[in-house]
C-alpha cells in the first residue's frame, strides 16, 4: 500500500509517475523495435528545483535522476533496461522525453542464509 495515497500498489508506469512525481507521461512506442518505448512529460517536476545551469556546466543533466529511478525500479522487478534522455526541458526542449529499451529479464536470485 502506498504511503502517499493510501491506495494499493501501482500496476503501470502511468500510475507510478502520478503517485510519486505528480505527472502523467504520454507513451510512444517505436515502430522498429519491439523492446523500446518513450515517455513524454509535458511538465517535468524537477524543473521547479533548478533555476539555471551554472556557467561552464551546460553538459550537466539534472534530470538523469529520473533515468536512474526508472532503471532501478525496473531492476527491482527483474528487468534490465537502458534508460536515457532524448529531450530535456532544462536544455530548452519543448518536452522531457525519456527513452527506455528493455535489454533482458534478470534471474531472480534467492539468497539462502548459511546455518
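Each value in this text was obtained by applying a stated rule to the coordinates, not by laboratory testing. No experiment lies behind these values; they were computed from the predicted model shown. Please note: Cβ atoms are built from the backbone with ideal geometry, for glycine as well, and neighbour counts cover all protein chains shown.
Quick one: is residue 72 surrounded by fewer than 13 Cβ atoms within 10 Å (Cβ to Cβ), under 18 Å from residue 38 (Cα atoms) and either out of contact with any strand residue (DSSP E or B) (no Cβ under 8 Å at 6 or more places or on another chain) or in contact (Cβ under 8 Å) with a residue 24 or more places away in the chain (or both)? Talk me through it step by step, then tell me what you get.
Working: surrounded by fewer than 13 Cβ atoms within 10 Å (Cβ to Cβ): yes; under 18 Å from residue 38 (Cα atoms): yes; either out of contact with any strand residue (DSSP E or B) (no Cβ under 8 Å at 6 or more places or on another chain) or in contact (Cβ under 8 Å) with a residue 24 or more places away in the chain (or both): yes.
Yes, satisfied.
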Q.
Name the single residue that is surrounded by the most Cβ atoms within 10 Å (Cβ to Cβ) among those in the range 29-48 being farther than 15 Å from residue 14 by Cα and either free of Cβ contacts under 8 Å to residues at least 12 places away in the same chain or in contact with a helix residue (DSSP H, G or I) (Cβ under 6 Å, 6 or more places away or on another chain) (or both).
A. 47
